[in-house]
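The values are calculated or read from the model by the stated rules, or taken from the named source; none is laboratory data. In this text the structure is predicted, and so the values were computed from the model without any measurement. Cβ sites come from the backbone with ideal geometry, for glycine too, and all protein chains shown count toward neighbours.
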Amino acid sequence: MDFEYSDKVKALRAQLMDFMDAHVYPIEKERDHFHHDPANQWQRWPGTEEIKAKAKAAGLWNLFLPHEYGAWSPGLTNLEYAPLAEIMGRVIGASEYFNCSAPDTGNMEVLARYGSPEQQEQWLKPLLAGEIRSCYVMTEPDVASSDATNVATTIIADGDDYVINGRKWWISGALDPLTKVFILLGRTPNDGARHQQHSQILIPADTPGITIVRPLDVLHSQHSPGGHAELLFENVRVPKANLILGEGRGFEIAQGRLGPGRIHHCMRTIGQAQRALEYMAHRVSNRTAFGRKLADQGSIRQDVAWSFCEIEQARLLTLKAADAMDRHGNKVAKDLIAAIKVVAPRMTQTVADRAMQVFGGIGVASDFPPAAAFINARYLRLADGPDEVHLAQLGKQKIAELSALPLR
């Protein structure tokens, strides 16, 4: 692997850091205060579209979509995108300004890779333009959705339509007023194998029969404006043309979608960990306790050193996984994707916790970034599959691979 950034990436990094300095960091607290105000719940901060327009005009737009998508893509590889996603990730939620935020990124990849020309025209184009947002609808309250073959919501053919019935939850972005389409994973019962029983289908958000049961909080935060909703689908009817790729292809699509989404989360959390470390270093350099600067305490220096080591390790594993995706495809790189999906959020949670500790009482407040980074990292250990599933699958794969090698 070449560890040197290309001239193209160096230029984009510099441009992106300048943009963050000019347009993102200065409004971070204003935006967060707006979203935390109950009077503004499920409303979008008024400045979002203006910043998006500036990012689009600057060419800092859809950078996530890999070069293999041709005309849909700005032409970057996963490896080239990684340091850019890290910069965007330093401010939680800032990726939306560049049209690089979940779950839209994964949904755009699904439509770019698997969507019909009609589906791409209706939904992919406005998503790529940042005109609408979307949701990915998989997890259910009544089954262990970490085993997605348990997903029980039904997609039943009826004439020229499919009819959807079931209950879903943790549907990120469902309450955002800009969300106009859902991609739903549901069961299309047939006589095929276990992993050919499910399909994915496009459902306009205003389709009759969809009920928002309730918003779900994350450690007492509503994550407005998108939130995470519990949804009820009762006889929701959509045209058969809304099915993606074909019946029984749901897991094939899911595997194509989740690999990039998982590593994008890791790229962003590394940015949050790096920022937490920087805040930690500033705090201990300017704070005195018991007659000595915190920076002179041996335990503090160890915390900073360990944090640096752990961030660098996670960053390198992220780059290795991204490089493997580019060279060999997402399926071949699944072991590295699983590894970094476990490593990066845990690392960020640990580094953020250390940073919170050196800030004292104010460390758990929203005055400084580490607390938000800690919460974000904690729930990402469940998002896109819990740690235990990734570890189980990775362990099974490595036992099979390594036990087949001769001992020397």
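Annotations
- Residue among 60, 12 that alone is in contact with a helix residue (DSSP H, G or I) (Cβ under 7 Å, 6 or more places away or on another chain), in a loop (DSSP other than H, G, I, E, B) and either modelled with pLDDT under 95 or not small (Gly, Ala, Ser) (or both): 60
- Of the residues 35, 23, the single one that is outside the structural domain of residue 321 (by TED's automatic domain parsing), under 22 Å from residue 265 (Cβ atoms), surrounded by 14 or more Cβ atoms within 10 Å (Cβ to Cβ) and over 18 Å from the mean Cα position of the chain (by Cα) is 35.
- Residue within the range 64-75 that is at pLDDT below 95 and either loosely packed, with under 12 Cβ neighbours inside 10 Å or in the same structural domain as residue 274 (by TED's automatic domain parsing) (or both) present: yes
- Selection from the range 273-312 of residues that are in a helix (DSSP H, G or I) and small (Gly, Ala, Ser): 273, 276, 281, 285, 295, 298, 299, 305, 307
Yes/no matrix, rows are residues, columns are (1) farther than 26 Å from residue 337 by Cβ; (2) hydrophobic (A, V, I, L, M, F, W, C):
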position	(1), (2)
177	yes, no
208	yes, no
226	no, no
231	yes, yes
244	no, yes
251	no, yes
284	yes, yes
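- Candidates in the range 149-182 are the residues that are within 16 Å of residue 247 (Cα to Cα) and of a type in the set (Gly, Ala, Ser); of these, the one that is surrounded by the most Cβ atoms within 10 Å (Cβ to Cβ) is 152.
- Pairs where the first residue, in the range 212-239, is without any contact (Cβ under 8 Å) to a residue 24 or more places away in the chain and the second is part of a strand (DSSP E or B) and of a type in the set (Asp, Glu), C-beta under 9 Å, 6+ apart: 214/230
- When 364, 343 are screened for being at pLDDT 95 or above and buried (at least 18 other Cβ atoms within 10 Å of the Cβ), only 343 passes.
- Residue selected from the range 238-272 under the condition of a type in the set (Gly, Ala, Ser) and part of a helix (DSSP H, G or I), by the criterion surrounded by the most Cβ atoms within 10 Å (Cβ to Cβ): 250
- Residue-level analysis places residue 101 among those that are within 22 Å of residue 344 (Cα to Cα), among the polar types (S, T, N, Q) and under 20 Å from the mean Cα position of the chain (by Cα).
- For the range 283-301, a residue qualifies if it is without any contact (Cβ under 8 Å) to a residue 60 or more places away in the chain and basic (Lys, Arg), and the qualifying residues are 292, 293, 301.
One line per residue, one yes/no per condition, for (1) outside any strand (DSSP E or B); (2) more than 30 Å from residue 5 (Cβ to Cβ); (3) in contact with a His (Cβ under 6 Å, 6 or more places away or on another chain):
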position	(1), (2), (3)
87	yes, no, no
97	yes, no, no
106	yes, no, no
120	yes, yes, no
142	yes, yes, no
164	no, yes, no
175	yes, yes, no
